[in-house]
1. Here is a check on your reading of the model: is GLY206 within 30 Å of ASP109 (Cβ to Cβ), open to solvent by less than 10 Å² (accessible area, probe 1.4 Å), touching a residue at least 60 places away in the same chain (Cβ under 8 Å) and not hydrophobic (A, V, I, L, M, F, W, C)?
2. Taking the stated definitions as given, is SER164 of a type outside the set (Phe, Trp, Tyr), within 35 Å of the chain's Cα centre (by Cα), more than 25 Å from LYS241 (Cβ to Cβ) and surrounded by 13 or more Cβ atoms within 10 Å (Cβ to Cβ)?
3. Under 6 Å by Cβ, and 6 or more places apart or on different chains, what pairs join a residue from the stretch 56-83 that is closer than 15 Å to THR377 by Cβ and touching a residue at least 60 places away in the same chain (Cβ under 8 Å) with one that is surrounded by fewer than 19 Cβ atoms within 10 Å (Cβ to Cβ) and polar (S, T, N, Q)?
4. Where in the stretch 147-205 are there strands (runs of 3 or more DSSP E), lying fully within it, with 2 or more residues that are touching an Asp or Glu at 6+ places or on another chain (Cβ under 9 Å)?
5. State yes or no: is ARG47 in contact (Cβ under 8 Å) with a residue 40 or more places away in the chain and among the basic types (Lys, Arg)?
6. I'd like the full set of residues that are of a type in the set (A, V, I, L, M) and either surrounded by 14 or more Cβ atoms within 10 Å (Cβ to Cβ) or part of a strand (DSSP E or B) (or both), limited to the stretch 254-282.
7. Residues of the stretch 364-380 being within 16 Å of LYS75 (Cα to Cα) and within 11 Å of the chain's Cα centre (by Cα), which ones?
Amino acid sequence: MPGGRARNRLAGLLASARHAADASDALPLARSCVMVAASNLLQHKLRLAAALSGIAVALFLLLLQISVLEASRTKVTALFDDFDYDMVVVPDTYQFLLSFDTVDRIVLDIARATGDVSDTFGLNVDVVHWMQLPSKQMTYNFLIGLDNPGSFVRDRDIRAGWDSLRSPHSILADRYSQNSVGPVSIGTDAQIGDERVTVTGQFKLGLFFYAEGGTIVRNTNFPRLSGRDPRMISIALLKLKPGISADKAKADLIRALPSHTLVMTRDELLKEERAYFLSTKPIGVMIYISMLIACLVGGAIIVQVLSTEVSNRMNEYAVLKAMGSGPVFVYGIGMVQAGLLGLGGLVPAALLGALVLELIEYRTHLGTSLSLGLGVTMLAITLALASTAGAAVVRRVQQADPAELF
């Protein structure tokens, strides 16, 4: 004969089943499923705590990876987002921003001559040596050369600091440069190549995957600091005249420009940039694989816990069937248990993840903070994992035969 606690538990289970079987509305049925499922999970608290810990770790890692991936997707196009343009002209070998091939500045004149382009802008980029003074510590610096901002530059800091670039040795420094670059406050002296430069303004960018720091100079000074031919530019930005479609402008530009150039719309350029870093480069592939592994681990833990629960309670499920409970209620208990396990792991994962993501954002300036969109994404993934795991396990309830009770 079962003990007192077991008898009481079975009586409660039967009462819940009877209530659910008689209920005509979905709400009482759902309430009964939740009550029975929670009671089942809480009966073995240590086992529940161990399961939730494993699920929380998997979801925590998944949260970090999704956040970093989305932040990287935004960061790799951060420089392009600082400009207002419709189309670009790049070398036909272009793969990503720091491609060392260039195009002749004459493409700006050719583009205007098509009649589709209202304004043009030359953007230069290169990686140069940066020397702290007086320590003489060397690092790499992402050097950016710009034409007169005009209507192209959106960033307020760059526009505000542009007038301070009066001297050939004046630069704007990236506030988000890494500590290894040294001080970048206004008035700081440093050396780029053999040229001594002075910081006269600042901006915020933080392209640490190119170099430890970043600086902006006028395009008139860029060739001297980088050793680049002054007739060449990295990327030509174009703004179309009102009413000119991107398709027409692209076709006209392809016909007019040299064959070794490539014409892209703004959206095509951003897509190309993100694809290179997040699909072609190993870092993106590794993040996707890590996300898949985290999902599999979380799902496997839920499956294991539910399998144990179903195996241990086959007789109870058989009693529910004998009492006339429908499959919605019987299977619903297992599905609700899966959902409770997933949500129970998500809460601590989100709380800890929010703290860690804030720290990552503080140290790297990636936009990794826990947003509402990220929270909704994690909730959807968690419920999908729980539903899949629950569906894979609760089918075993079909094996519960009331005849085996007698």
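1. Here the answer is no, as GLY206 does not meet what is asked.
2. no
3. These pairs meet every condition: GLN65/SER290.
4. Where strands (runs of 3 or more DSSP E) fall fully within the stretch 147-205 and carry at least 2 residues being touching an Asp or Glu at 6+ places or on another chain (Cβ under 9 Å), they are 195-203.
5. yes
6. Matches in the stretch 254-282: ALA256, LEU257, LEU262, VAL263, MET264, LEU269, LEU270, ALA275, LEU278.
7. LEU366, GLY367, THR368, SER369
Matching residues to (1) closer than 26 Å to ARG255 by Cβ; (2) in contact (Cβ under 8 Å) with a residue 40 or more places away in the chain; (3) loosely packed, with under 15 Cβ neighbours inside 10 Å; (4) in contact with a Phe, Trp or Tyr (Cβ under 9 Å, 6 or more places away or on another chain):
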{"position": "LEU108", "(1), (2), (3), (4)": "yes, yes, no, yes"}
{"position": "VAL117", "(1), (2), (3), (4)": "yes, yes, no, no"}
{"position": "VAL153", "(1), (2), (3), (4)": "no, yes, no, yes"}
{"position": "PRO168", "(1), (2), (3), (4)": "no, yes, yes, no"}
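The values are calculated or read from the model by the stated rules, or taken from the named source; none is laboratory data. Computed from a predicted model, the values in this text were never measured in an experiment. Note that we place each Cβ from the backbone using ideal geometry, even for glycine, and neighbour counts take in every protein chain shown. For the accessible areas, the whole protein counts, side chains as well, though only heavy atoms, and no ligand, DNA or RNA atoms are used. Shrake-Rupley method; radii C 1.70, N 1.55, O 1.52, S 1.80 Å.
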